[in-house]
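All remarks here apply to the structure that follows.
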Amino acid sequence: MLLSVRHWAGRLRRRARRWGGTVARPIVWYFSITFLRISRRPHASVLRTMLWAWNNSWAPSVEYCKAVALEARHHPGGVIETGSGATTILLAAMGVPVVALEHLPEWALRVNRNVRWAKRATVLQRGLVSYGEYDWYGVRPGDLPASATLIVCDGPPGVTRGGRYGLVPTVRPAKGTVILLDDVGRAGERAVLDRWWEEEGITFEIDPGPYPYARAVV
């Protein structure tokens, strides 16, 4: 099965490149998402094909996407996501309830258009506001599901004041909540992890792959 999926995805990408990206990407996107919706299996080859079709320089790695999809299986209460995009759509395709925060109106619109078929996927456009010593999404009461025990943290951008630190003091995730933090190969994200550990006792492990991410537990 795995060999046939890898063969199918690789063949689809090769043909798409011959057709030309502008024409082929929407077609490849459709087939990739359809496969994920039917199979509910995050094969690396399919994720690679999906990300090629998504065509976004901010997109996460295949490894991070797969980690998100596999971890979500253990969290029936749903997922909170900071920073929307490919992982939002992946979770929707896997049938996982997800609420994503996005500070860019045009990006929130694009992602929402790509999950309009999903009944349990929502992208909330919330601008970045000051919380005193850091900036973070201007969440409102009732925005985020209290039942969620997984947080996918791939936003806000690293240049934001305080980086991604604001997630924990603002959301106050319940004990046992898992946080998958992307981009920990950057100094800013590593500093956020260290600060969460020092202030909140949040433990973490870092995947040492080419595109490091962390699995933190509150």
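What the table below lists for this structure:
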item: Loop trypsin sites (Lys or Arg not before Pro), segment 41-112 (other Cβ atoms within 10 Å of the site Cβ: 16 or fewer; DSSP); result: R73
item: Exposed chymotrypsin sites (Phe, Trp or Tyr not before Pro) absent: longest stretch of the chain, with sites in DSSP loops and at most 12 other Cβ within 10 Å deemed exposed; result: 118-218
item: The chain - share of DSSP beta bridges that are antiparallel (%, nearest 5); result: 40 percent
item: Where GluC sites (Glu not before Pro) fall in DSSP loop in segment 56-153, at most 12 other Cβ within 10 Å; result: E133
item: In Hz, Karplus ³J(HN,Hα) per residue of segment 34-50 (6.51, -1.76, 1.60; θ = phi - 60°; x = Gly, Pro); result: 4, 4, 5, 5, 7, 7, 6, 10, x, 4, 4, 5, 6, 4, 4, 5, 4
item: Karplus 3J(HN,Hα) series, Hz, for segment 164-181 with 6.51 cos²θ - 1.76 cosθ + 1.60 (x for Gly, Pro); result: 9, 4, x, 3, 5, x, 8, 7, 6, x, 5, 4, x, 5, 9, 10, 9, 9
item: Charge context of V152, other residues only, Cβ under 10 angstrom, K/R +1, D/E -1; result: -4
item: Separation of the A174 and V129 label points, Cα + 7 Å toward Cβ, nm; result: 2.6 nm
item: Phi to ³J(HN,Hα) by Karplus 6.51 cos²θ - 1.76 cosθ + 1.60 over segment 121-136, Hz, x for Gly, Pro; result: 10, 9, 10, 9, 7, 9, x, 7, 10, 7, 10, x, 8, 8, 10, 7
item: 5 angstrom amide H check on T160, placed H, neighbours 5+ away; result: none
item: Trypsin sites (Lys or Arg not before Pro) within segment 122-196: DSSP coil, no more than 10 neighbouring Cβ in 10 Å; result: K175
item: Sequence-distant residues sharing a close amide H with V79 (under 5 Å, placed H); result: V98, V99
item: Proxy reagent accessibility, fewest Cβ within 10 Å first, across V139, V96, V192, V217; result: V217, V139, V96, V192
item: Per-residue [θ]222 nm for the chain (sum of -39500 (n - 2.57) over DSSP H runs n ≥ 4, rounded to 500); result: -13500 deg cm²/dmol
item: Label-point gap, in nm, between E198 and I38 - each point 7 angstrom along Cα→Cβ; result: 5.2 nm
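None of the figures in this text is laboratory data; all of them are computed from the coordinates on show. Treat the numbers as computed from the prediction; the structure is a model and nothing was measured. All Cβ positions, even for glycine, are placed from backbone atoms using ideal geometry, and neighbour counts span all protein chains on display.
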